[in-house]
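The structure under discussion appears below in the form of structure tokens.
The values are calculated or read from the model by the stated rules, or taken from the named source; none is laboratory data. Here the structure is a predicted model, which means the values were calculated and not measured. Methodologically, a virtual Cβ is constructed for each residue, glycine included, from the backbone with ideal geometry; neighbour enumeration extends over all protein chains shown. For the accessible areas, the whole protein counts, side chains as well, though only heavy atoms, and no ligand, DNA or RNA atoms are used. Shrake-Rupley method; radii C 1.70, N 1.55, O 1.52, S 1.80 Å.
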Amino acid sequence: MDKTQARLMSVDYLRVVLAAFVVVAHSGLARETFRSWGDAGLVALATGNSVLRVAVPVFTLIAGYFLASVLRRARLSDWVGHLLVLYAVWSVVYLLFLWPYYTNRPLGLTATELTLGFMHLWFLEGLAISGVILGAVRLLGSGAVVASAVMLGLVGIALQYARMAGLSEMPVEHYRNGPFYLYPYLVMGWLMAVHPPRLSTALLWAMVAGGLALTIGESLYWLRRIGEEPLLEIPVGHLILCPALLLLVMRLRMPDTALPLGRAAAGIYVLHVIVLQGLPKLGVDHPGVTAVLGIALPFLLVWGVSLAGRRHRWLSRLF
């Protein structure tokens, strides 16, 4: 396996780990575990929040890295269209799954949520919007892309701080979205592909350690100031930690496997909330158990679909 294949395989393994992070975060396992620990619990919660929340930025960095080849082949419309179809299909699935809840809410509120980004599926919509922005701005040159990423990123961070400091009551979706959150990371991933950085392994590890320390400190500050809700969504430290983490992983040589790791990661991401919310209705409500099953059941489903072969190829397009 050549160097490029090794990098691709290591990234696929990373995708599954990141998807597992999302499940653990949404399961509430960390909150339930650390809530009774007092001040030590706050430190543990800040650390857990800092680690688990690398999932979305690193997913976006990976998307940006591979988007570079999509843009070179002038296939952006296909890429964006696929994401939006996934967003629409899975939004319908969740609306049907949670139908009793949504029938008792104002239709306008649900329509607003679907527009801004529905549940955890907001990532799919946000990634599509970020890709469109990148595709348009890159026509002005790399400098314009970098400037736009810095500008939009700063706006997102400022809006977040305004809300957390009590200066604004805006919904979190107004800054945790494609333009203000994902776009800067998508740009960084794209830059990694078109202008590969030459950083030593020692420097990358230092960036990971420094970025993690900064993120934990920032999260701990807000936890002590305003309590557990809301946890920090866009820590500044992740802008250092996440790119360095991806670059380190891309240097690893991981064993080849026939397992559909990339699709499994996507399946875990889109399906885990159904598992987390469905299991308690069956009497399974321990956060640790639901977290494990939220990872394992979607993984097995995607694996089964991949083994089914061409007869169910349309199913594989849903992940």
*Read through the labelled values (i) 0.95; (ii) 0.99; (iii) 1.10 and report the label of the one computed as Cα Rg over 2.2 N^0.38 Å from the structure.*
(ii)
*Compare Met164, Met151 by solvent-accessible area with a 1.4 Å probe and give them largest first, with all protein chains kept in place.*
Met151, Met164
*How many nm separate the modelled label positions at Ser142 and Val43, each set 7 Å beyond the Cα in the direction of the Cβ?*
4.3 nm
*Which GluC sites (Glu not before Pro) from region 204-249 combine a DSSP loop assignment with at most 14 other Cβ atoms within 10 Å?*
Glu228
*Determine which residues of region 225-254 fall in the zone a paramagnetic label at Arg72 would reach in this model, i.e. backbone nitrogen under 20 Å from the point 7 Å along Cα→Cβ.*
247, 250-251
*Want the number for Arg224 to Val289: 0.36 nm per residue separation, take away the alpha-carbon distance, what's left?*
20.4 nm
*If you wrap region 30-151's Cα atoms in a convex hull and average its projection over all directions, what's the area in nm²?*
10.8 nm²
*asked:* With only alpha-carbon atoms in the gyration tensor, what are the semi-axes of the equivalent ellipsoid for region 224-292, in Å, largest first?
replied: 28, 25, 10
*When the Cα atoms of region 66-136 are enclosed in a convex hull and the volume is divided per residue, what value in Å³ results?*
78 Å³
*Kyte-Doolittle mean at least 0.0 and Cα extent at least 18 Å along the axis: which DSSP H helices of the chain qualify?*
3-27, 39-52, 55-72, 76-97, 122-137, 142-164, 201-226, 261-278, 287-308
*Between Leu167 and Ala202, what is the spin-label point distance in nm, taking each point 7 Å from the Cα along the Cα→C-beta axis?*
4.1 nm
_Using square roots of five times the C-alpha gyration tensor eigenvalues, list the equivalent-ellipsoid semi-axes of region 72-220 in whole Å, biggest first._
30, 22, 15
*In square angstrom, what is the accessible area per residue of region 161-280 with a 1.4 angstrom probe?*
44 Å²
*Calculate what fraction, in whole %, of the accessible area of region 188-249 sits on carbon and sulfur atoms when a 1.4 Å probe is rolled over the protein chains.*
70 percent
*At Val194 and Thr112, where each label point lies 7 Å from the Cα along Cα→Cβ, what is the point-to-point distance in nanometres?*
3.7 nm
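Report the Stokes-Einstein translational diffusion coefficient (µm² s⁻¹, integer) for region 162-319, Rh taken as the Kirkwood radius over Cα pairs, at 4 °C with viscosity 1.567 mPa s.
68 µm²/s
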_Could you tell me the relative contact order of the chain? Use alpha-carbon pairs under 8 Å, at least six residues apart, and round to a whole percent._
30 percent
*Check each of the trypsin sites (Lys or Arg not before Pro) in region 171-277 and keep only those in coil by DSSP with at most 15 other C-beta atoms within 10 angstrom; list them in order.*
Arg198, Arg251, Arg253
